[in-house]
Amino acid sequence: MKKYILVIGAAALLALAGCGNSPDSQSDKKESHDEHGDMNHSGSAEMPEGLEEAANPEFETGSKVTIKADHMKGMDGAEGMVTGAYDTIAYVVDYKPTDGGEEVKDHKWVIQEEIKDAGDEELKPGTDVTLEADH
């Protein structure tokens with residue numbers, strides 16, 4: 001079974017560093033920041049059911065990190081600390097908002113345990129799923 005290590009907590013935001021790689025990165029960053037304004041970024045310690053701690057994470061719990069993303073005010077360059085590391089599969093998803101808004105492309109990150117009835121196997125690109133994430 002193919003697994004990826006996802007670091008939860010402030011260090012998870014490191015993975016978002018790739019958000020600005022397109023030619024229109026400045027407008028994408030502003031749009032991305034605006035779209036995430038209403039998201040729940042509470043930092044809750046509540047983990048999805050079935051999430052297992054990583055045996056050998058790349059970043060150990062307690063490690064200090066520098067965040068390289070800016071989809072929230074004051075984020076880029078902020079210091080963070082890894083609060084946990086888990087074995088899971090992370091996905092980038094496209095979705096249509098239930099309020100009739102425009103389709104959101106490449107939303108990051110949803111993990112295996114946040115997908116209804118996903119099982120343990122990696123899902124193929126294009127698979128229709130029901131997300132149970134609260135973010």
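Every number in this text was worked out from the coordinates using simple rules, so none of it is lab data. Remember, predicted model here, so these are calculated numbers, not experimental data. Here the Cβ positions follow ideal geometry from the backbone for every residue, glycine too, while neighbour counts run over all protein chains shown.
Odds and ends about this structure:
- Residue exposure sequence - Tyr95, Tyr86 - by fewest surrounding Cβ within 10 Å: Tyr95, Tyr86
- Distant-in-sequence amide contacts of Val65, defined by a placed amide H-H separation under 5 Å and a gap of 5 or more residues or a different chain, comprise Gly80, Met81, Val82.
- Amide H contacts of Ala85: Ile8, Ala54, each under 5 Å away and 5 or more positions distant or on a separate chain (H built 1.01 Å from N in the peptide plane; Pro and chain starts excluded).
- Above-threshold pairs, the threshold being 23 Å between Cα atoms, out of Lys73/Lys108; Lys64/Lys105; Lys96/Lys124: Lys64/Lys105
- Neighbour-count order for Asp94, Asp70, Asp128, Asp76, fewest beta carbons within 10 angstrom listed first: Asp128, Asp94, Asp76, Asp70
- For Met72, Met81, order by how many other beta-carbon atoms lie within 10 Å, fewest first: Met81, Met72
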